[in-house]
Every structure is written in C-alpha cells, then in structure tokens.
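Taking it in order: structure first as structure tokens, then the write-up.
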Amino acid sequence: MNVRKHNRIRRIIQIASAAVLNGYAAGFAGGRIFTGAGKAFCVPVLNCYACPGALGSCPIGSMQTVLGGSRHRFSFYVLGLLMVFGIALGRLWCGFVCPFGLIQDLLGMIPARRIKIAPKVDKPLRYLKYAVLLILVVLLPLLAKNQYGIADAWFCKYICPAGTLEGGIPLMLADRQLRSLAGALFSWKMLILIVVLIGAVLIPRFFCRYLCPLGALYGLFNRYSFYQLNLDQSCCTGCNTCTQVCPMAVEIPKAGDKLVQISSTECIRCGRCKAACPAGAIRVKGLRNEALYRN
Amino acid sequence: MSAAQVKWIRAALLCVGVVFIVIGLATGEAGIVLDKAIHICLECIGIG
C-alpha cells in the first residue's frame with residue numbers, strides 16, 4: 001500500500017473514531033454534556049468528558065478523580081481498563097483513534113518549516129511525559145489533598161489542552177454564564193493550548209512526544225501488546241525511508257539478517273513506515289515468531 | 001527476552017488488568033467516574 005492511500009485510510013478511521021467518541025450532537029447544539037450511563041466507561045484515548053459530544057469518560061481525568069477523592073487510594077478500575085487497552089493494541093490508540101492526535105496530524109499538514117530537534121535535547125524531553133504522568137496524574141492527586149480529603153485534578157486543571165479545546169471552548173461559546181466565570185486559569189489553559197497547537201505545526205505530534213501521560217502509559221505496553229510491527233532485516237535495504245517518514249522520529253533498526261520487533265515506547269503504530277517501505281520489510285505480526293527475540 | 005517470556009508477561013498483564021477492573025467495579029469506582037463525568041468538569045475547561 002502506498003503512503004497516500006495509507007494516510008487516507010488512517011485519516012478516515014481517525015475522523016470516524018472522533019465522531020463516534022463525541023457523538024452526542026445535541027450537546028454541541030445546546031451547550032450541555034451527555035449524562036448517560038455510558039460515561040461510567042473510560043474510552044481508550046484522551047477525550048475530555050467535558051466535551052459536549054463525549055459519550056464516555058477520559059481515563060486520565062477519571063484516574064485523577066478516583067485518586068484525588070476520599071474513598072480510594074488506588075484506581076483499580078481505570079488502571080485495569082488502561083492495562084487491557086494497552087495489552088490489546090499498545091499505542092495504536094494514539095495513531096488511529098485519539099481525537100487530539102487527529103488534530104495534531106491535521107495541524108502537521110499546514111505547510112511550515114518543521115523544526116528538527118537535536119537528539120540530545122529531544123531524548124530527555126521525551127521523559128517529560130512520564131513526569132507528567134507520575135507527578136500530575138498520580139502523586140499530586142494522591143497526596144495534595146485539602147481539609148475534606150479531596151485533591152485537584154492537576155493535569156486537567158493546569159495542563160490538558162484537549163480539555164480546553166474539546167470542552168472549554170465549545171461550552172464557553174454556548175454558555176454566557178460560563179464565559180463570565182473565565183479568569184486567569186482559563187487564560188493559562190488557553191496559553192498552553194496555543195503553545196501545543198503551534199508546537200504541533202512545527203513538530204509532528206508535539207503533545208504526544210513530550211507531554212501526553214496516556215501515551216506514556218501505553219508506550220510501556222508496546223513490547224507486550226497483541227498488535228506488533230516487525231522489521232524483517234533480511235529484506236531491509238537500509239534506505240532509512242522508515243525513519244524519515246516517522247512522525248515520532250523513532251529510530252528503526254537497520255539492515256542485518258534478523259527479524260526484529262519495533263517495540264519503541266514512542267511508536268504510535270501509525271503504520272507510515274510500513275506503507276513507505278519500498279522493500280516491504282515492515283509487517284504487522286503477532287508475537288509468534290521465535291526469531292524475533294534472538295537479537 | 002524470549003517469545004515465551006513475552007507471552008507470559010502479556011498474559012499476566014492482561015489477567016491483572018481484568019482483575020483490577022473487577023475489583024474497581026466491586027468497590028464502586030465506576031460510580032465515581034460516572035458522577036464526575038456527568039457534571040461539567042470545571043477544572044477541565046479552565047474555570048474550577
């Protein structure tokens with residue numbers, strides 16, 4: 001499959017996923033949110049439950065809510081769901097389903113001079129998302145509680161650009177009363193959103209690379225997920241096309257004679273490398289082949 | 001890491017995930033998630 005055809009199919013899946021996850025059209029029209037029982041279920045991607053169209057809950061927001069409440073010290077339900085999602089597909093959720101990923105991909109299509117971050121800067125910056133996950137999503141909601149035993153959802157409150165874009169802006173546009181409440185915090189969140197959106201124009205998947213706590217968590221499952229991308233090094237010509245087209249700038253192992261698993265925690269399984277490889281050396285496979293693990 | 005090891009880890013993680021979901025449902029976590037999600041999350045939208 002050529003890259004254009006692959007991108008078109010992926011875009012259709014991304015748009016369809018965003019539409020299904022945010023299918024409550026009446027919410028957009030009336031400036032209200034969905035209140036059905038489906039919101040007890042966490043969707044596998046970063047999709048704000050304050051979005052007027054959202055039919056399910058954001059797992060990152062839900063985790064902070066449970067940890068930041070007075071009843072639980074561990075979020076079995078949300079973590080369990082994320083483990084099952086992660087084991088099933090790894091970061092394929094980021095590449096094919098996440099609406100905020102779609103927005104970044106669309107912004108990445110704007111003609112602009114892309115910034116290539118030097119590896120010595122890029123590599124440490126990528127650990128930032130793990131710090132966001134550990135500190136803002138887990139530790140602060142768990143430890144920084146008020147006198148009633150309740151903590152803020154730190155990531156949602158101070159960082160999450162998806163919440164501002166999918167929830168804040170549509171609700172504010174529809175509700176004058178909410179608009180009147182917007183203050184310094186909203187301005188801060190708008191600033192973060194603008195930085196992230198500009199970042200996505202200049203650096204592909206800027207938010208996914210450096211900040212997304214959900215991507216950080218799913219990345220840990222890439223090696224063990226049912227869905228795998230493998231490189232047959234005996235077919236690989238070492239042309240480097242795979243690395244050049246990768247939006248996450250993943251270093252893919254080069255020519256040799258082995259079959260290797262592409263298990264980088266950064267790989268969002270978008271499949272562009274597979275579509276672009278002129279030798280057809282990258283394939284989707286399960287974990288059956290013993291040869292994969294001999295290197 | 002051998003293929004067998006990866007398979008075992010994968011199976012173990014999947015089982016732990018399912019067990020966590022069951023424990024979470026039994027302890028009412030889904031209700032907390034629902035309660036949060038059906039009210040406009042003010043901190044998410046930059047107000048609260």
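Coordinate-derived values only; no laboratory data. Small disclaimer: the values here were computed from a predicted structure and weren't measured. Heads up, the Cβs are rebuilt from the backbone with ideal geometry, glycines too, and the neighbour counts pull from every protein chain shown.
Summary of values
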{"quantity": "Shielding by other protein chains, B:11-18, mean Cβ within 10 Å", "calculated": "5"}
{"quantity": "Calculated over the stretch A:104-200: convex hull of Cα atoms, volume per residue (Å³)", "calculated": "132 Å³"}
{"quantity": "Violating pairs (Cα-Cα greater than 22 angstrom) within the set A:Lys39/A:Lys157; A:Lys120/A:Lys274; A:Lys123/A:Lys157; A:Lys116/A:Lys189; A:Lys258/A:Lys285", "calculated": "A:Lys120/A:Lys274; A:Lys123/A:Lys157; A:Lys116/A:Lys189"}
{"quantity": "Fraction of the pair-distance distribution of the protein assembly as shown above 25 Å, Cα-Cα pairs, percent", "calculated": "53 percent"}
{"quantity": "Cross-link partners of A:Lys5 among aspartates and glutamates (Cα-Cα below 20 Å; sequence separation of 8 or more within a chain)", "calculated": "A:Asp105"}
{"quantity": "Axial C-alpha extent at least 18 Å, average Kyte-Doolittle at least 0.5 - helices from chain A (DSSP)", "calculated": "A:76-89, A:184-202"}
{"quantity": "Convex hull of the stretch A:33-219 built on C-alpha atoms - directionally averaged projected area, nm²", "calculated": "11.8 nm²"}
{"quantity": "10 Å Cβ neighbours from other chains, averaged over peptide A:133-141", "calculated": "0"}
{"quantity": "Vicinal HN-Hα couplings computed from phi for the stretch B:28-42 (Karplus, 6.51 cos²θ - 1.76 cosθ + 1.60; Hz; Gly/Pro x)", "calculated": "x, 5, 4, x, 5, 4, 4, 4, 5, 6, 8, 10, 4, 7, 5"}
{"quantity": "Counted charge near A:Gly108, where neighbours are those whose Cβ lies closer than 11 Å (Asp, Glu -1; Lys, Arg +1)", "calculated": "+1"}
{"quantity": "Relative packing of A:41-48, A:273-280, which averages over residues the other C-beta atoms within 10 Å, highest first", "calculated": "A:41-48, A:273-280"}
{"quantity": "Burial order of peptide ranges A:159-169, B:24-34 (average beta-carbon count within 10 Å, highest first)", "calculated": "A:159-169, B:24-34"}
{"quantity": "Listed peptides A:142-154, A:49-61, A:228-240 by packing density, highest first (mean Cβ within 10 Å)", "calculated": "A:49-61, A:228-240, A:142-154"}
{"quantity": "Average beta-carbon neighbours from other chains, 10 Å sphere, peptide A:47-53", "calculated": "4"}
{"quantity": "Lone cysteines, chain B (no partner Cβ under 4.7 Å)", "calculated": "B:Cys15"}
